[in-house]
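Undergrad: Got a structure here, written out as structure tokens. Questions coming.
The values are calculated or read from the model by the stated rules, or taken from the named source; none is laboratory data. Nothing here was measured: the structure is a model prediction, and the numbers come from that model. Please note: Cβ atoms are built from the backbone with ideal geometry, for glycine as well, and neighbour counts cover all protein chains shown. The area values use the complete protein model at the heavy-atom level, side chains included, leaving out ligands, DNA and RNA. Shrake-Rupley method; radii C 1.70, N 1.55, O 1.52, S 1.80 Å.
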Amino acid sequence: MEIIQTVQQLQQLQNRFKKLNIGFVPTMGALHDGHISLIKQAREQNDVVVVSIFVNPTQFLEGEDLETYPKKMEADSKICELCNVDYLFAPEISTMYSGDEVLIKAPNIRGYTLEGVKRPGHFDGMLQIVLKLLNLVQPTNAYFGKKDAQQLSLIKLMVDNFFLNVNIVECEIVREEDGLAMSSRNVYLSKDERIDALSISKSLKYAAKQIGSGELDCEVLINSMREIMNKIDIEYVAITNRKFEKIEKIELGNSMILVAAQVGTTRLIDNIWI
Ligand code: PAF
């Protein structure tokens, strides 16, 4: 595996791999099994695999955890090596940003609901860096997890709107054995908080079961989920269609149940696609 830090090094790869499929997994590091499953999928489906590690400052809001965001470069690069990654792109901030830049703005509706309400501007910064990375790596396939469902949906929209020549691969959520969705932020949870955090995946599982038994009324489903999560600070429980529009009745094959909650000082999100 080669670690590359400059745009020039990355651009040289384009010439070398013109006729090959490039699979790309963008990350902010602190790699866990969720990332590993994306990398494995990229490895299976492409000739060349590029992973990026870049804690993107523009997608963190004032007061968020940019400074304390877990950084584990050494461990991460070992993981990438073990997963047979070909290139690890780990640029400096000054490589990716020059100062007074052309900005990207998330769409007014889909970008400013749910996550966009609590984190206004987050998706602008996320799209900005993803666009830069896609332009630099020029992958055939780029891999994103369904856990960040709104991020995934906005990236797909950007690819459509800007006619980007890349296939976005939607990857399943990877969970701990007890159901907690994998996240780099799970390391912040104390032992007791981790137990409380399980109520998120439990409530989603319960809702899926209720839907399986024929309950399609979103208010009923949300109320029972809220009861299960009564020990944690729920930010939202929402049921939407795949365009993130709130719905009243579950539309099988076109619905999502999304949760954001604060457990201690840690903000967690999770969802299921119905
Ligand atoms: O999901 C993430 O880790 C980040 O939002 C991404 C897509 C790497 C952009 O910084």
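Undergrad: Using the charge dipole of region 184-273 (Lys, Arg: +1 at Cβ; Asp, Glu: -1 at Cβ; taken about the Cα centre), state which of ILE234, PHE244, LEU198 has its Cα farthest towards the positive end.
TA: Projecting each Cα onto the dipole axis, the largest value belongs to LEU198.
Undergrad: Now for a separate question. State in Å² the accessible area per residue of region 184-273; use a 1.4 Å probe, count heavy atoms of protein chains only, and round to the nearest integer. Mind showing how you got there, number by number?
TA: Working: 4650 Å² over 90 residues.
Result: 52 Å² per residue.
Undergrad: Which length gain, in nm to one decimal place, applies between ASP33 and ASP65 when the Cα-Cα distance is subtracted from 0.36 nm times their residue separation? Walk me through the numbers before you get to the answer.
TA: Numbers: separation 32, 0.36 × 32 = 11.52 nm, distance 2.15 nm.
This chain segment gains 9.4 nm when fully extended.
Undergrad: Whole-Hz Karplus ³J(HN,Hα) for region 71-81, in order, using 6.51 cos²θ - 1.76 cosθ + 1.60 and θ = phi - 60°, x for Gly and Pro?
TA: 10, 9, 3, 5, 4, 4, 6, 5, 4, 4, 4
Undergrad: Sticking with this one: Rg and Dmax of region 179-224 over Cα atoms: what are they, in angstrom?
TA: 13.1, 37
Undergrad: Continuing with the same structure: Please give the length that would be gained between ALA208 and GLU227 if that part of the chain were fully extended, namely 0.36 nm times their separation in residues minus their C-alpha to C-alpha distance (nm, one decimal). Numbers along the way, then the final one.
TA: Working: separation 19, 0.36 × 19 = 6.84 nm, distance 1.52 nm.
Full extension of this stretch gives 5.3 nm more.
Undergrad: What's the extension gain from VAL102 to ASN254 if we count 0.36 nm per residue and subtract their Cα-Cα distance? Intermediate results must be reported in sequence, preceding the final value.
TA: On the way: separation 152, 0.36 × 152 = 54.72 nm, distance 3.47 nm.
Net length gain for the segment: 51.3 nm.
Undergrad: Same structure again: Among ASN135, ILE3, LEU114, whose Cα projects farthest towards the positive end of the dipole of the chain, with charges put on the beta-carbon of Lys, Arg (+1) and Asp, Glu (-1)?
TA: Ranked along the dipole, the leading option is ASN135.
Undergrad: Right, here's the next one. Output ³J(HN,Hα) for region 228-236: one whole-Hz value per residue in order, computed from phi by the Karplus curve 6.51 cos²θ - 1.76 cosθ + 1.60 with θ = phi - 60°, and x for Gly and Pro.
TA: 5, 9, 5, 8, 10, 8, 6, 8, 8
Undergrad: Could you give each residue of region 180-197 its phi-based ³J(HN,Hα) in whole Hz, using Karplus coefficients 6.51, -1.76, 1.60 with θ = phi - 60°, and x for Gly or Pro?
TA: 4, 5, 5, 7, 4, 7, 4, 5, 6, 6, 6, 4, 5, 5, 5, 5, 4, 5
Undergrad: For the chain, give the magnitude of the charge dipole about the Cα centre (Cβ charges: +1 Lys/Arg, -1 Asp/Glu; no others), in debye to the nearest 20. Mind dumping the intermediate values first?
TA: On the way: 30 positive and 37 negative charges, 105 e Å.
Around 500 debye, computed over the chain.
Undergrad: Here's another thing I want to ask about it. Dipole of region 1-108 (Lys/Arg Cβ +1, Asp/Glu Cβ -1, origin at the Cα centre): which of LEU103, GLN59, GLN45 lies farthest to the positive side?
TA: So the residue we want is GLN45.
Undergrad: Here's something else I'd like to know. Could you pull the Cα extents of region 1-82 along its three principal axes, largest to smallest, in whole Å?
TA: Computed over the Cα atoms, the extents are 45, 28, 20 Å.
Undergrad: I've got another one for you. Eigenvalues of the Cα gyration tensor times 5, then square-rooted: what semi-axes does that give for region 184-273, in whole angstrom, largest first?
TA: Numbers: eigenvalues 117, 34, 21 Å².
Over the Cα atoms of region 184-273, the ellipsoid semi-axes are 24, 13, 10 Å.
Undergrad: What is the local net charge at ASP270, summed over the other residues whose Cβ is closer than 11 Å to its Cβ (Lys, Arg +1; Asp, Glu -1)?
TA: Every neighbour counted, the sum reads +4.
Undergrad: How long are the three semi-axes of the equivalent ellipsoid for region 2-171, computed from the Cα gyration tensor as the root of 5 times each eigenvalue, in whole Å, largest first?
TA: Working: eigenvalues 115, 65, 54 Å².
Its equivalent ellipsoid spans semi-axes of 24, 18, 16 Å.
Undergrad: Let me ask another. If you take every DSSP beta bridge fully contained in the chain, what fraction is antiparallel? Give it as a percent rounded to 5. Walk me through the numbers on the way to the answer.
TA: Values: 19 of 38 bridges.
Bridges in the chain are about 50 percent antiparallel.
Undergrad: Related question: Where does the charge balance sit around GLY125 when Lys and Arg score +1, Asp and Glu -1, over other residues with C-beta under 13 Å from its C-beta? Intermediate values should be presented prior to the final figure.
TA: Working: positive: LYS105, ARG119, LYS132; negative: GLU62, GLU64, GLU101, GLU115, ASP124.
So the surrounding residues net to -2.
Undergrad: By a straight-distance test (C-alpha under 20 Å), which aspartates and glutamates pair with LYS18 as possible cross-link partners, with residues fewer than eight away in the same chain excluded?
TA: Once the sequence-local aspartates and glutamates are set aside, what remains near LYS18 is GLU2, GLU44, ASP47, ASP86.
Undergrad: Cross-link candidates for LYS78: which lysines have Cα within less than 22 Å, leaving aside residues fewer than 8 places away along the same chain?
TA: Correct list for LYS78: LYS40.
Undergrad: Now for a separate question. Pairs to check: LYS147/LYS243; LYS191/LYS231; LYS132/LYS243. Give those whose C-alpha atoms are more than 20 Å from each other in this structure. List each step's numbers first, then the result.
TA: Details: LYS147/LYS243 15 Å; LYS191/LYS231 15 Å; LYS132/LYS243 24 Å.
Going by Cα-Cα distance, LYS132/LYS243 fall outside the 20 Å limit.
Undergrad: Which cross-chain or sequence-distant (5 or more) residues have an amide H under 5 Å from the amide H of GLU235, H modelled 1.01 Å from N in plane?
TA: Under 5 Å from the amide H of GLU235 lie the amide H atoms of ALA260, ALA261, GLN262, each far enough along the sequence or on another chain.
Undergrad: Under 5 Å between amide hydrogens, which residues at least 5 positions from ARG175 or on another chain qualify, with H placed 1.01 Å from N in the peptide plane?
TA: MET182
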